[in-house]
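Comments concern the structure below.
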Amino acid sequence: MNNIGVREVEVVVIGAGQAGLSSAYHLRRTGFEPDRDFVVLDHAPGPGGAWQFRWPSLTYGKVHGMHALPGMTLADADPGRPSSEVVAEYFSTYEHTFDLRVRRPVDVRAVREGVDGRLLVETSAGAWSTRALINATGTWDKPFWPHYPGQETFRGRQLHTAQYPGPQEFAGRRVVVVGGGASGTQHLLEIAPYAAATTWVTRRPPVFRKGPFTEEVGRAAVALVEERVRQGLPPRSVVSVTGLPLNDTLRQAITDGVLDRKPMFDRIVPDGVEWDDGRHLDADVILWATGFRAAIGHLAPLRLREPGGGIRVEGTRVVSDPRIHLVGYGPSASTIGANRAGRAAVRDIRRLLAGEPVVFA
């Protein structure tokens, strides 16, 4: 792509979920003007980030730890409404209230070196030249599908959490749910009353957390994830570190046999799954609740990945390129973490654009 018609800004924000909107808010609050100084690009058809794609049965009352965006509370939300509707409306109001002027749908195809020390952001809507980049693309667009022998022979249905339609579609089916995280347990609890049978399999025994989730526990979990990204390793989710909260609902599901974990199967066969010890399980559906990976393929031209497979990050700054900040990545992949990361990224970018030295903690 040549540079004819390339628009110049100080900062490009990619993504308009919690992390992207938080970053845009702090840019606006510290004097950056939308369109003139910064631009927010979002590939989704409307406001709401990944929330707009959540399954209808995930009502707002079932959402754990949804923190409001900076500067505007989310009050009086109906807990019985789908979270996709509640959060999409909230994000839409937020964008208009703070005049963030999100451009959508815009697909970012590549970020590469530009001229005069700037970055070139190539998109479906043209190109932008920028002095700094805030990447807030999250993980929803990159579901992780493990591969097991025989997977392509399965005659039933395979789908991922990202495609989960709600429990009614599994009525009368024998369903295998794969994954030991929050999504896997939520799917099991919903599907069990409809399905002919459910089976829960995980690679490792699930860890249930007893007691309250204190600030100390949260800080310790985030610190473990931070250490991974400092080393340039792919980030793990905070939930994978903290374990599953053992509330009354999960206790009852364990008692009822819904959360009766089986070890991971060894192969998939046309009519089900099998283990090396000879066990066979008939199945109509395999639901992969196996998580997501960071959607950062558009950054590949910059060669930011470390030998360990991840991008080395201190705070939100990419160590090998301080022009680039990753928010909603690793330790900030939560709603409250995304808010803090947006503020930190903008603070550091202001220093960078002012010519102040970048100092890593």
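Could you tell me whether any residue of the range 341-357 is aliphatic (A, V, I, L, M), surrounded by fewer than 21 Cβ atoms within 10 Å (Cβ to Cβ), modelled with pLDDT of 90 or more and in contact with a helix residue (DSSP H, G or I) (Cβ under 9 Å, 6 or more places away or on another chain)? Checked the range 341-357: at least one residue is aliphatic (A, V, I, L, M), surrounded by fewer than 21 Cβ atoms within 10 Å (Cβ to Cβ), modelled with pLDDT of 90 or more and in contact with a helix residue (DSSP H, G or I) (Cβ under 9 Å, 6 or more places away or on another chain). Would you pick out the residues in the range 35-70 that are closer than 16 Å to residue 338 by Cα and touching a Phe, Trp or Tyr at 6+ places or on another chain (Cβ under 6 Å)? If the condition is that a residue be closer than 16 Å to residue 338 by Cα and touching a Phe, Trp or Tyr at 6+ places or on another chain (Cβ under 6 Å), then 48, 50, 69, 70 are the ones that fit. For the range 59-104, give me each residue that is within 20 Å of the chain's Cα centre (by Cα) and on the phi > 0 side of the Ramachandran plot. If the condition is that a residue be within 20 Å of the chain's Cα centre (by Cα) and on the phi > 0 side of the Ramachandran plot, then 65 is the only one that fits. If you filter the range 293-329 down to residues that are among the small types (Gly, Ala, Ser) and under 22 Å from residue 351 (Cβ atoms), you find that the one that is surrounded by the most Cβ atoms within 10 Å (Cβ to Cβ) is 328. Screening 276, 348 for residues that are among the acidic types (Asp, Glu) and within 30 Å of residue 176 (Cα to Cα) leaves exactly one candidate, 276. Filter the range 296-345 down to the residues that are among the polar types (S, T, N, Q) and more than 17 Å from the chain's Cα centre (by Cα) and list them by number. Within the range 296-345, 320 is the sole residue that qualifies. Which ones in the range 124-155 are within 15 Å of the chain's Cα centre (by Cα) and outside any loop (DSSP other than H, G, I, E, B)? Those that are within 15 Å of the chain's Cα centre (by Cα) and outside any loop (DSSP other than H, G, I, E, B): 135, 143.
The values are calculated or read from the model by the stated rules, or taken from the named source; none is laboratory data. Being a predicted model, the structure only gives us computed values, none of them experimental. Using ideal geometry, Cβ is built from the backbone for each residue, glycine included, and neighbour counts are taken over all protein chains shown.
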